[in-house]
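The values are calculated or read from the model by the stated rules, or taken from the named source; none is laboratory data. No experiment lies behind these values; they were computed from the predicted model shown. Neighbour counts are summed over all protein chains in view; Cβ atoms, including those assigned to glycine, are modelled from backbone coordinates with ideal geometry. Please note that ligands, DNA and RNA were not included when accessible areas were found on the heavy atoms of the full protein model with its side chains. Shrake-Rupley method; radii C 1.70, N 1.55, O 1.52, S 1.80 Å.
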Amino acid sequence: MYVYLNNKIVPLSDARVSVFDHGFLYGDGIYETMRVYDGVVFMLDEHIERLYRSASLIGLNIPKRIADIKISIYETLKANSLTNAYVRLTISRGYGPIGLDPDLCKEPTFVVITNEFKSYPRSYYEEGIKLTIASVRRNSKEALNPQIKSLNFLNNILAKIEAKQVDAYEAIMLNVSGHLAEGTISNIFFMKDGILCTPSIECGILDGITRALVIDLALKNGLEVKEGRFAPEELYMASEVFITNTTMEVMPVSSIDKTEFKAGEISKLLLKKYRQEVNGYVKEKKAEGPSLWE
Ligand code: PDD
């Protein structure tokens with residue numbers, strides 16, 4: 001396996017980061033996860049845009065131009081001969097002495113990891129996955145805004161531990177005022193009274209790229225969509241529930257704690273539309289010319 005580290009591709013064994021890296025010491029940094037279909041990074045511009053937004057929210061200067069970031073991703077995919085993959089792009093504050101001051105670090109550390117994408121089991125899409133509502137609350141946006149896709153993941157990891165304890169695949173977190181927020185690595189949607197509902201960004205969530213596309217697809221397909229503040233009880237009364245993220249796409253939910261759901265028609269419809277969108281995107285990018293590495 002090859003990894004892109006700072007300015008070059010190196011074998012995994014040489015891809016080393018200092019113990020003084022502030023990403024390691026303090027979780028001071030940001031990241032993006034992308035999915036590659038048939039050699040094309042899906043929604044690359046949107047991911048890079050969010051990366052820059054996260055960077056700006058933590059006062060981090062990304063040491064690369066957008067075009068160079070794209071090249072670094074495609075070069076890493078090429079070095080690993082990958083066409084169906086996931087990409088994890090990480091930028092930490094960089095190497096510096098102990099101390100919180102970001103100015104102690106002269107140069108951010110830039111890493112691109114790519115790996116083969118292993119499909120989720122079919123049953124996850126056909127029957128759905130188990131969720132739990134975690135007792136740990138999502139970081140409040142006034143404390144550590146979930147819109148920053150930061151390396152600081154302990155909040156989500158604490159919720160994930162709760163999920164594992166009850167054999168659930170994903171944990172949904174409420175915000176500090178007790179309204180639905182999001183999963184540890186996903187956004188949540190549910191159907192109630194024929195309306196597709198999802199917590200609004202104001203609830204303190206990551207503005208998922210899949211979430212935005214799914215809302216768009218739902219509207220285009222004649223569904224009414226409500227972004228708002230929802231009590232967890234509303235979720236239990238839903239006719240169907242699904243979660244979204246870059247790698248899972250649209251994944252139906254079979255239970256939340258003791259309440260069971262069917263992988264419903266709306267989840268299936270939106271998954272189908274999402275995959276059609278992916279296919280269209282890939283075709284369009286390929287028609288634009290050879291991919292960046294060729
Ligand atoms: N996670 N909410 C959180 C907290 C997330 O970490 C993610 C993504 C999402 C969904 O965002 P998107 O649709 O842009 O993937 C929502 C990625 C997949 C990860 O952590 O690797």
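Gain in length, L223 to K262, computed as 0.36 nm per residue apart minus the alpha-carbon separation, to one decimal in nm?
12.1 nm
How big is the dipole moment of the stretch 195-286 about its Cα centre under a simple scheme where the beta carbon of each Lys and Arg is +1, that of each Asp and Glu is -1, and everything else is neutral? Debye, nearest 20, please.
It comes to approximately 540 debye.
Farthest toward the dipole's positive end in the chain, which of L271, Q165, G178, given Cβ charges of +1 (Lys, Arg) and -1 (Asp, Glu) about the Cα centre?
Most positive-ward Cα: L271.
Charges on Cβ only, +1 for Lys and Arg, -1 for Asp and Glu, centred on the Cα centroid of the chain; of G39, V19, L196, which one is farthest towards the dipole's positive end?
G39
I need the fraction of alpha carbon pairs in the stretch 57-196 separated by more than 26 Å, rounded to a whole percent.
Considering the stretch 57-196, 46 percent of its Cα-Cα pairs are separated by more than 26 Å.
Can you tell me which of 137-147, 104-114 comes out highest on packing, and rank the rest after it, using the mean Cβ neighbours within 10 Å?
Highest mean packing first, the order is 104-114, 137-147.
Give the accessible surface of the chain per residue, rounded to a whole number of Å², with probe radius 1.4 Å and ligands, DNA and RNA excluded.
48 Å²
Alpha carbons only, please: Rg and Dmax for the stretch 238-294, in angstrom.
In Å, with Rg to one decimal and Dmax whole: 16.0, 52.
Report, to two decimal places, the Cα Rg of the stretch 2-116 normalised by 2.2 N^0.38 Å (N = number of residues).
Scaled against compact globular proteins, the figure is 1.04.
Can you give me the angle between helix 66-79 and the longest principal axis of the chain, using Cα atoms only, in degrees from 0 to 90, rounded to the nearest 10?
90 degrees
With each pseudo-label sitting 7 Å past Cα toward Cβ, what's the N84-A287 distance in nm, one decimal?
The two pseudo-label positions are separated by 2.4 nm.
Which of these, M43, M237, M34, has the largest mean-square fluctuation under a Gaussian network model of the chain (Cα springs below 10 Å)?
Maximum among the listed residues: M237.
Kirkwood Rh, Cα Rg: Rg to Rh for the chain?
Rg divided by Rh gives 0.97.
Under 13 Å from the Cβ of E46, count the other residues' Cβ atoms, weight Lys and Arg +1, Asp and Glu -1, and hand me the total.
Neighbour charge sum, excluding E46 itself: 0.
Quick check: pseudo-label points 7 Å beyond the Cα along Cα→Cβ at L57 and R122, how many nm apart are they?
According to this spin-label approximation, the distance is 3.9 nm.
Just subtract the alpha-carbon distance of S177 and A231 from 0.36 nm times their residue separation and send over the number in nm, one decimal.
Between S177 and A231, full extension yields 18.5 nm more.
Suppose every K and R has +1 on its Cβ and every D and E has -1 on its Cβ; what is the size of the dipole of the stretch 206-257 about the Cα centre, in Debye to the nearest 20?
140 debye
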